[in-house]
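Step one of this worksheet: look at the structure below.
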Amino acid sequence: KTLWGSSEPRPPAAGSGQSSPQQRTETLGFYESDRGRKKKRSLSDLSLLRFISAELTRGYFLEHNEAKYTERRERVYTCMRIPKELEKLMFFGIFLCLDAFLYVFTLLPLRVFLAMFRFITLPCYGLRDRRLLQPAQVCDMLKGIILVICYFMMHYVDYSMMYHLIRGQSVIKLYIIYNMLEVADRLISSFGQDILDALYWTATEPKERKRAHIGVIPHFFMAVFYVFLHAILIMVQATTLNVAFNSHNKSLLTIMMSNNFVEIKGSVFKKFEKNNLFQMSNSDIKERFTNYVLLLIVCLRNMEQFSWNPDHLWVLFPDVCMVVASEIAVDIVKHAFITKFNDITADVYSEYRASLAFDLVSSRQKNAYTDYSDSVSRRMGFIPLPLAVLLIRVVTSSIKVQGVLAYVCVVLFYCGLISLKVLNSIVLLGKSCQYVKEAKMEEKLFNPILTATPGKPAGKQQGTFKSTQGISTDENGSTSVTNQPVHQKENMPSLLVTSNSDQFLTTPDGEEKDISQDSSELKHRSAKKDLLEIDRFTICGNRID
């Protein structure tokens, strides 16, 4: 009874006895007709119209996989935030490089003059200290002497002959040369900063210690040779770029710009941690600032060739814009896909900016461990001395100073550079204090980490140490850098204080950590890999010793 519904016909009822031939024929006919109806109904269910109707009306619910789609949406928002956050970091980093670069032209000559004045007038005041000059003054004197020697050595390099030699090469050969120069610049920069640091430490090392070096003079000649070699390498880069600007079909310039997009292929599809991305960001800052200086050199050389005709500047302007725009576009695309493939948020660039700001603030302390320009060199791989030597050489050869009025203009220009340097330093220091305060990194300045001397545990150290400088907030809420009492000299042998500029206090993640976790995390900070422990010349986050 359950096989057929009420709407379908029932088979004929069989009698109590044997069915007659007529009844069997009716029953057989009924079953055959029922099978025919079922076959027709199944064919109608598989019709094309019914399939299309099912495809058009089929539904699904995205909320069944809410986490997946929310993550995809956040990735889109992260990629949209990358250009803004990256350019904020680049903008701050470029001005840091500009501050270190202007220091060579403005404050370094004045500091060298003061050191020479102290050295000359020292017999008049007597030897109150065991040192003839302070360590910072010795380093300034060495920088000034290296700068002057390399400048006179650059006069023996003929820029015009180099230009015509490079211009006579084929396009593909110049493209290969330009790529080789970029690689050589990074390699020489990594080794050059070590040469300069070795010279500074050798010249200022306490004499009581056992001599473990080859002497100041060999280190000095190594430093001079490095700065001169690096300046020539940058000059070849600038000359190649100048040839590309002056080529008629602009094919070389197009090929050189396409080289930036090849960088995306070599970087995007690799695994990056936050520390590795920090190194890449610093390298991009240094590369962009160096390109700006190279463009300035190219414009100076071209304007000299056209007798400083202002109309020719508008001829160069489109090419300059193309170089700058391609550099910015490549950096944005590269960082956007790196953060996407490695699940890194856009907030990491605020941490990087706070790290650079911490370097600046800690270097302004009364008893800082390093000069600010040197900390920028170690962090970003930007060494201002070779670039400054080349720029001075190009400016002095391009601009002829004749007459009293010209010298007055030079003096006024120098005063303007000093004003720009001071203004830039003040603004950078204020913004750095703001970034450090937002990142909750003041404890790093107020409480420097103490490290035990060899053979003694840290818990058994005697004597106290107070921060020499910190960030204080007045009643109006403004942030300032203040001097604190200096540690006692008798406690110096028992303590070895690590440099503030070599360590990093990462910004908290906000949603993942609360204030109580932040306070407990400060006690175990040494167990983490901090960004300030990573400089430009490291591999995969491990310092090269």
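Within region 226-269, being loosely packed, with under 14 Cβ neighbours inside 10 Å and in contact (Cβ under 8 Å) with a residue 24 or more places away in the chain holds for S251, F261, F269. Inspection of region 236-246 finds no residue satisfying the criterion of being at pLDDT 80 or above, touching a Phe, Trp or Tyr at 6+ places or on another chain (Cβ under 7 Å) and farther than 30 Å from N302 by Cβ. Residues that are without any contact (Cβ under 8 Å) to a residue 60 or more places away in the chain and closer than 29 Å to R288 by Cβ were ranked within region 195-206; the one that is surrounded by the fewest Cβ atoms within 10 Å (Cβ to Cβ) is A198. If you go through region 312-352 and keep only what is closer than 16 Å to E87 by Cβ, acidic (D, E) and either free of Cβ contacts under 8 Å to residues at least 24 places away in the same chain or open to solvent by 60 Å² or more (accessible area, probe 1.4 Å) (or both), you end up with just D347. Hey, could you check region 371-407 for residues that are out of contact with any Lys or Arg (no Cβ under 8 Å at 6 or more places or on another chain), assigned to a loop (DSSP other than H, G, I, E, B) and closer than 22 Å to L147 by Cα and say which is least open to solvent (accessible area, probe 1.4 Å)? Only one residue tops the list, namely I383. When residues in region 173-194 are screened for being free of Cβ contacts under 8 Å to residues at least 40 places away in the same chain and among the hydrophobic types (A, V, I, L, M, F, W, C), 5 of them pass.
Within region 326-341, can one find any residue that is in contact with a Pro (Cβ under 7 Å, 6 or more places away or on another chain) and closer than 24 Å to R72 by Cα? Yes, that holds for at least one residue.
One line per residue, one yes/no per condition, for (1) open to solvent by less than 30 Å² (accessible area, probe 1.4 Å); (2) closer than 30 Å to L428 by Cβ:
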position	(1), (2)
F105	no, yes
P109	no, yes
L114	no, yes
Q134	no, yes
G144	yes, yes
C150	yes, yes
Y159	yes, no
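The rows are residues; the columns are (1) modelled with pLDDT under 85; (2) open to solvent by less than 30 Å² (accessible area, probe 1.4 Å); (3) in contact with a Lys or Arg (Cβ under 6 Å, 6 or more places away or on another chain).
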| position | (1), (2), (3) |
| --- | --- |
| F61 | yes, no, no |
| E66 | yes, no, no |
| E71 | yes, no, no |
| M80 | no, no, no |
| E87 | no, no, no |
| F92 | no, yes, yes |
| A100 | no, yes, no |
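Scan region 227-247 for residues that are under 22 Å from I149 (Cα atoms) and either touching a Gly at 6+ places or on another chain (Cβ under 9 Å) or outside any helix (DSSP H, G or I) (or both) and the total you get is 3.
The values are calculated or read from the model by the stated rules, or taken from the named source; none is laboratory data. This structure is a prediction, so every number in the text was calculated from the model and none was measured. Ideal geometry is used to build each Cβ from the backbone, glycine not excepted, and the neighbour counts take in all protein chains shown. What goes into the accessible areas is simple: the full protein's heavy atoms, side chains included, and nothing from ligands, DNA or RNA. Shrake-Rupley method; radii C 1.70, N 1.55, O 1.52, S 1.80 Å.
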